[in-house]
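The values are calculated or read from the model by the stated rules, or taken from the named source; none is laboratory data. Since this is a predicted model, take the numbers as computed values, not measurements. No Cβ is skipped: glycine too gets one built from the backbone with ideal geometry, and neighbour counts run over all protein chains shown.
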């Protein structure tokens, strides 16, 4: 088990083994997202309260879920990089931050487009919205710190520390709708309970969530592999690969 | 099918702007990021190739 994990910590091993995943993830995310959009946009019913605007849910909720879980993954990688000084974990932190930032912005933007017709405003300083905005700033902060001082190890450690501290924000986002009952509705979709909505609605929602995850791992993998060959450009394995 | 006609689908029950803008933004973000990533990688490989030719010359 440790040997196995250790191998994956090697940039060379990781680069060569992970290449086969790219077409699989590309095909999976394309098919799942395509089917999910078709299901959510055309087949699933309108909501009795929100009408057709409920279809925004099928892109907004997956984006918001992914924004938070990609932050959690970044923090775990940061912790690994702080404790074991694993270079690949540091590269993982650096490469996931911009993707997470984009997805958080997407969650905020689609939420805003849903808020306008439903709440009458694009933005309110509601607890859920504000803590999600902070999530975006955390991603941006980690990215800025990591790229500061020209890729140095100190910058990597500082960025990792910030990423771990920022974990505090995740429970705040999660419980914000219960602690401060403001405009944003509480979760209607949890892992442990039967969803309150009918299958014709949670079906496409779940499909979109899975599709978003497949897309996320694809984007992360492409970026991480690029970062690894860039960092190791002077090493033998990269030089050899480039000659071919 | 939830819609009776293409016109009804396009109208989106009066929410067309918000619904289609959300899906458009999503497509732009997801597609755009992948496009930018692969372009960056190709551009870098291209640069490396020129550097090597320069060093070998």
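Among the residues examined, residue A:124 qualifies as more than 12 Å from chain B (Cβ to nearest Cβ), in contact with a helix residue (DSSP H, G or I) (Cβ under 9 Å, 6 or more places away or on another chain) and not in a helix (DSSP H, G or I).
Results for (1) crowded, with 22+ Cβ neighbours inside 10 Å; (2) farther than 22 Å from residue A:224 by Cβ, shown as yes or no for each residue.
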| site | (1), (2) |
| --- | --- |
| A:35 | no, yes |
| A:40 | yes, yes |
| A:51 | no, yes |
| A:59 | yes, yes |
| A:72 | no, no |
| A:95 | yes, no |
| A:117 | no, yes |
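Candidates are the residues of region A:6-25 that are over 23 Å from the mean Cα position of the chain (by Cα) and surrounded by fewer than 15 Cβ atoms within 10 Å (Cβ to Cβ); the one that is nearest to the other protein chains (Cβ to nearest Cβ) is A:16.
Scanning region B:1-33 for residues that are more than 9 Å from chain A (Cβ to nearest Cβ) and either over 23 Å from residue A:55 (Cβ atoms) or not in a helix (DSSP H, G or I) (or both) gives B:4, B:5. Restricting A:129, A:108 to residues that are within 14 Å of chain B (Cβ to nearest Cβ) and free of Cβ contacts under 8 Å to residues at least 60 places away in the same chain narrows the list to A:108.
Among the residues of this structure, residue A:99 counts as one that is at pLDDT 95 or above and either within 12 Å of another protein chain (Cβ to nearest Cβ) or over 21 Å from the mean Cα position of the chain (by Cα) (or both). Being under 13 Å from the mean Cα position of the chain (by Cα) and more than 9 Å from chain B (Cβ to nearest Cβ) holds for only one residue in A:78, A:64, A:89, A:28, and it is A:64.
Suppose we filter region A:210-244 for residues that are farther than 18 Å from residue B:40 by Cβ, within 11 Å of chain B (Cβ to nearest Cβ) and touching a residue at least 60 places away in the same chain (Cβ under 8 Å); how many remain? So the count comes out to 3. Quick check on residue B:25: is it in contact with a helix residue (DSSP H, G or I) (Cβ under 8 Å, 6 or more places away or on another chain), surrounded by 11 or more Cβ atoms within 10 Å (Cβ to Cβ) and at pLDDT below 95? In short, no. More than 7 Å from every other protein chain (Cβ to nearest Cβ), in contact with a helix residue (DSSP H, G or I) (Cβ under 9 Å, 6 or more places away or on another chain) and under 26 Å from residue A:27 (Cβ atoms) - does that describe any residue in region B:40-49? Checked region B:40-49: at least one residue is more than 7 Å from every other protein chain (Cβ to nearest Cβ), in contact with a helix residue (DSSP H, G or I) (Cβ under 9 Å, 6 or more places away or on another chain) and under 26 Å from residue A:27 (Cβ atoms). Per the conditions (1) surrounded by fewer than 13 Cβ atoms within 10 Å (Cβ to Cβ); (2) assigned to a helix (DSSP H, G or I); (3) more than 9 Å from chain A (Cβ to nearest Cβ), the sole criterion not satisfied by residue B:36 is (1). Within region B:14-34, one or more residues are in contact with a strand residue (DSSP E or B) (Cβ under 9 Å, 6 or more places away or on another chain) and within 22 Å of residue A:112 (Cβ to Cβ).
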